[in-house]
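Asker: What follows is a single structure, and I will ask about it in a moment.
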Amino acid sequence: MKKRIIILIFLSLISCKQNKLINNETEAVQQVLNFYNGECKKSKGIIFKNGENESYFELEISKSKLLNIDLSNLKSHSANIAYLFYSNLSNTDAYDNIKVKINLSDGSSEEFSYSNEKLYEVEKLQPFISNVIEEIKLQKYDELVKLFDNTVGINSKNIEGLFNKVEKEFGKIKKTQFQGFEFKEEKEFGNVIVIKEAFVFEKLAVSMNIIIKSSNSKIIALEFE
């Protein structure tokens with residue numbers, strides 16, 4: 001009788017953990033839908049690649065007005081979708097890859113895949129990105145310059161002039177929002193990560209790229225789109 005009770009309790013604990021995982025995935029998917037609306041089909045599985053098994057979770061997004069309007073930025077949106085899901089999981093190591101499929105209203109589709117390693121790299125940068133944005137909001141341009149790579153010839157007056165011009169045209173910054181990323185290779189700086197942030201000013205929302213050198217997590221450029 002004791003053995004049976006122990007087995008039943010053990011099985012019950014496994015079941016609870018599985019339900020918690022499933023529920024957490026559901027919550028993570030909901031965070032994606034909160035951002036993009038539309039519909040999301042979920043699937044997961046294992047593929048055999050390079051002699052090893054790799055697990056994946058796929059999010060298939062359809063009927064999103066934002067994605068259908070902003071076609072030129074589907075790649076960064078797909079990265080944002082993958083990161084929204086990944087960052088809201090209780091166990092971020094649950095899958096080797098997060099796949100994203102975007103179905104558009106014209107019947108076409110685009111597919112993207114992001115490895116756990118790349119998503120973790122972006123996750124590690126979040127405190128640095130928050131620091132960059134905070135210095136911009138507080139207009140601490142002397143401190144912001146310290147976050148740039150030493151090889152970039154820039155001073156606080158350059159940055160102050162840029163943001164004064166933007167503020168004069170669009171008003172003060174009301175809020176910001178992470179909107180994706182892209183890994184690239186630059187001739188001069190090697191591997192870089194382009195972090196896309198939306199800056200919501202009083203008059204208009206503008207996208208800004210924070211381009212970060214992968215080797216030392218330092219800024220090499222700030223670009224308004």
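The values are calculated or read from the model by the stated rules, or taken from the named source; none is laboratory data. Here the structure is a predicted model, which is why all the values come from computation and not from measurement. Reconstructed Cβ throughout: ideal geometry from the backbone, glycine too, with neighbour counts over all protein chains shown. What goes into the accessible areas is simple: the full protein's heavy atoms, side chains included, and nothing from ligands, DNA or RNA. Shrake-Rupley method; radii C 1.70, N 1.55, O 1.52, S 1.80 Å.
Asker: Report, in debye and to the nearest 20, how large the dipole of the stretch 111-216 comes out about its Cα centre when Lys and Arg carry +1 and Asp and Glu carry -1 on their Cβ.
Answerer: Computed about the Cα centre, the dipole is about 400 debye.
Asker: What accessible area per residue, rounded to a whole number of Å², is obtained for the stretch 88-134 using a probe radius of 1.4 Å?
Answerer: On a per-residue basis, the stretch 88-134 sits at 52 Å².
Asker: Counting only other residues whose beta carbon sits under 15 Å from that of G107, what net charge do I get with K and R as +1, D and E as -1?
Answerer: -2
Asker: Okay, moving on. With no solvent and one equal point scatterer per Cα, compute the Debye intensity ratio I(q)/I(0) for the chain at 0.16 Å⁻¹ and report its log10, rounded to two decimals.
Answerer: Summing over Cα pairs of the chain leads to -1.17.
Asker: Here is a further query. Using a 1.4 angstrom probe on heavy atoms only, work out the carbon and sulfur share of the accessible area of the chain in %.
Answerer: Heavy-atom surface of the chain belonging to carbon and sulfur, 1.4 Å probe: 49 percent.
Asker: Once the Cβ-Cβ distance between I69 and N191 is put in as r, and R0 is 30 Å, what FRET efficiency do you end up with, to the nearest 0.05?
Answerer: Details: r = 31 Å, r/R0 = 1.04.
Computed FRET efficiency for I69 and N191: 0.45.
Asker: Moving on to the next point. Subtract the Cα-Cα distance of N150 and L204 from 0.36 nm times their separation in residues, and report this length gain in nm to one decimal.
Answerer: 16.2 nm
Asker: First select every other residue whose beta carbon is under 15 angstrom from the beta carbon of K137; then total the charges, Lys and Arg +1, Asp and Glu -1.
Answerer: Charge balance near K137 sits at -4.
Asker: On C-alpha positions alone, give me the angle between the axis of helix 74-87 and the longest principal axis of the chain, in degrees, nearest 10.
Answerer: Around 50 degrees separate the two axes.
Asker: Further question: In the neighborhood of F148, defined by Cβ-to-Cβ distances under 10 Å, what is the net charge if each Lys or Arg adds +1 and each Asp or Glu adds -1?
Answerer: Working: positive: K146, K213, K218; negative: D149.
After counting each charged neighbour, the total is +2.
Asker: Sorted from largest down, give the three principal axis spans of the alpha carbons of the stretch 177-216, whole angstrom values.
Answerer: Principal-axis extents of the Cα atoms in the stretch 177-216, largest first: 36, 16, 15 Å.
Asker: Set the Förster radius R0 to 30 Å, insert the Cβ-Cβ distance between E121 and N164 as r into 1/(1 + (r/R0)^6), and round the FRET efficiency to 0.05.
Answerer: Here the calculated transfer efficiency is 0.35.
Asker: Nothing charged except the Cβ atoms of Lys and Arg (+1) and of Asp and Glu (-1): what's the magnitude of the dipole of the chain about its Cα centre? Round to the nearest 20 debye.
Answerer: 900 debye
Asker: Pairs of alpha-carbon atoms within less than 8 angstrom and 6+ residues apart define the contacts here; what relative contact order does the chain have, in percent?
Answerer: Rounded, it is 13 percent for the chain.
Asker: Right, something else. Label-point separation (nm) for K42 and E143, each offset 7 Å from Cα along Cα-to-Cβ?
Answerer: Taking the two extended label points, one gets 3.9 nm.
Asker: Have a look at T26, Y114, F128 and report the one farthest towards the positive end of the charge dipole of the stretch 16-141, computed about the Cα centre with Cβ charges (Lys/Arg +1, Asp/Glu -1).
Answerer: T26
Asker: Same structure again: How large is the Rg to Rh ratio of the stretch 107-225 when both quantities use alpha carbon positions and Rh follows Kirkwood? Please list the in-between numbers first.
Answerer: Details: Rg = 15.1 Å, Rh = 15.3 Å.
Across the stretch 107-225, the Cα-based Rg/Rh ratio is 0.99.
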